[in-house]
Amino acid sequence: MTNNQPATSGPSLLTPLLNPTQIEQAMALIMPAQRIALLAHEHPDGDCLGSALGFAQILRQLGKICVPACADPAPRAFSFLPGIETLQTTLGDENFDLVIALDAGELSRYGALYEQHREFLDHATIVNIDHHISSSGCGQVNIIEPEAASTTELLVLFQQQSGLPLGKEAALCLLTGLITDTGSFQYPSTTARTMEAGAILVAAGADAETIVKPIFRTRPLAQARLTALAVQQAQTSSDGRIIWTYATRETLTTTGATADMDDAIVGTLRDIENVQVSAFFKCYDNPETTRVSLRSNTPYNVAAVCMRLGGGGHPRAAGATIHKPLQETIALVIAEIQKEMQAEDQTSHNNTALL
Ligand SMILES: [Mn+2]
């Protein structure tokens with residue numbers, strides 16, 4: 001069963017390989033199992049869905065009964081994924097010998113699925129495969145590697161090293177996780193190993209355009225109109241280094257858009273020339289509550305800004321919900337961003353002076 005030789009000949013970039021002992025331990029749980037639940041985290045993305053559906057396809061080829069499950073239904077853009085129709089939002093009668101938890105290292109991240117089946121999941125045999133740096137591991141076997149660009153990258157290593165079969169449909173699911181978590185191999189998390197994992201999946205028959213088109217290119221006209229109006233209304237400060245815009249219920253009505261179409265606006269603003277920090281404010285239903293999303297370029301830390309406002313996130317992508325009307329929130333947040341940028345500029349100035 002163990003095959004440490006990658007599928008290609010010549011010098012391999014598919015390194016580092018996964019710890020072979022962990023693969024053996026995971027396979028020792030997988031091989032005797034008949035009914036396997038594969039969990040994707042709540043608010044699903046391409047990586048957790050691709051992991052659960054792709055690994056389910058692989059294990060079905062061994063004759064296992066596999067049930068992929070997620071607390072929330074998959075977003076419509078993922079309807080191309082083979083096997084998406086098998087995705088469940090509950091674990092039904094909980095008749096499973098094994099649970100494989102994917103793309104999150106704490107059971108609480110599986111959301112309502114965990115709340116519904118807490119008793120079962122707290123005592124289930126679990127194999128946990130994830131790439132988040134914050135993961136504590138929720139299984140008897142925890143394959144957690146923060147250097148991996150996606151959980152599906154780890155699953156390609158797992159498949160190659162264990163000699164499991166890899167069909168075209170599984171390959172498409174796994175490539176979806178690689179492409180979505182790396183923004184089509186654009187983010188710095190993309191390594192030589194990520195590309196080689198991608199090559200293995202393409203060689204197995206996965207077609208990248210099938211993934212890229214619905215996820216990154218195609219969008220409703222109303223969404224394009226919403227983005228256009230948001231950009232049109234954008235304001236800047238600090239010589240164009242800070243940019244912000246907002247949307248209200250009226251913005252949605254004018255453009256015909258729905259609230260779920262506003263995701264890309266803050267990123268679009270961040271990518272404008274000279275911008276260091278972008279902010280998108282939305283106030284749709286409750287005029288006393290405003291949600292803000294921030295994006296930044298290195299070295300500006302927007303997580304620090306959001307944490308001071310009761311929110312959180314990553315250094316380059318963060319958010320907060322503020323219990324104030326729109327205009328008041330905008331003034332507050334922009335002032336906080338200016339403070340953060342000044343402090344950061346001062347620190348780098350001092351560091352440069354020390355050299
Ligand atoms: Mn992921």
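The values are calculated or read from the model by the stated rules, or taken from the named source; none is laboratory data. Model, not experiment: these values are computed from the prediction. Note that each Cβ is placed from the backbone with ideal geometry, even for glycine, and that neighbours are counted across all protein chains shown.
Which count do you get for residues in the range 115-144 that are surrounded by fewer than 24 Cβ atoms within 10 Å (Cβ to Cβ), at pLDDT 95 or above, out of contact with any Ser or Thr (no Cβ under 7 Å at 6 or more places or on another chain) and over 17 Å from E42 (Cα atoms)?
11
Just to be sure, is F216 within 16 Å of the ligand (Cβ to nearest atom) and aromatic (F, W, Y)?
Considered against the rule, which asks whether it is within 16 Å of the ligand (Cβ to nearest atom) and aromatic (F, W, Y), F216 comes out as no.
Out of all the residues in the range 282-306, which are crowded, with 23+ Cβ neighbours inside 10 Å and either touching a Leu at 6+ places or on another chain (Cβ under 8 Å) or aliphatic (A, V, I, L, M) (or both)?
Matches in the range 282-306: C283, T290, V292, L294, R295, V302, V305, C306.
From the list T176, T194, T210, which one is assigned by TED's automatic domain parsing to the domain that holds Q57, in a helix (DSSP H, G or I) and more than 18 Å from the chain's Cα centre (by Cα)?
After ruling out the rest, the residue left standing is T210.
Here are the criteria: (1) closer than 23 Å to A149 by Cβ; (2) in contact with a helix residue (DSSP H, G or I) (Cβ under 6 Å, 6 or more places away or on another chain). Tell me which single one H43 does not satisfy.
(2)
If I go through the range 62-87 residue by residue, how many of them are surrounded by 15 or more Cβ atoms within 10 Å (Cβ to Cβ) and within 16 Å of Q159 (Cα to Cα)?
Result for the range 62-87: 1.
Taking the stated definitions as given, is A104 farther than 20 Å from C66 by Cβ and surrounded by 22 or more Cβ atoms within 10 Å (Cβ to Cβ)? Can you show your working first?
Working: farther than 20 Å from C66 by Cβ: no; surrounded by 22 or more Cβ atoms within 10 Å (Cβ to Cβ): yes.
Against the criterion (farther than 20 Å from C66 by Cβ and surrounded by 22 or more Cβ atoms within 10 Å (Cβ to Cβ)), A104 does not qualify.
So which strands (runs of 3 or more DSSP E) are wholly in the range 242-355 and hold at least 1 residues that are in contact with a Lys or Arg (Cβ under 8 Å, 6 or more places away or on another chain)?
The qualifying strands (runs of 3 or more DSSP E) are 242-248, 277-283, 290-296, 317-322.
Looking only at strands (runs of 3 or more DSSP E) that fall completely inside the range 43-149, which ones have 3 or more residues that are without any contact (Cβ under 8 Å) to a residue 60 or more places away in the chain and more than 16 Å from the ligand (Cβ to nearest atom)? Step through it out loud before you land on a result.
On the way: elements: 65-70, 98-102, 126-130, 141-144.
Once the strands (runs of 3 or more DSSP E) in the range 43-149 are filtered for at least 3 residues that are without any contact (Cβ under 8 Å) to a residue 60 or more places away in the chain and more than 16 Å from the ligand (Cβ to nearest atom), what remains is 65-70.
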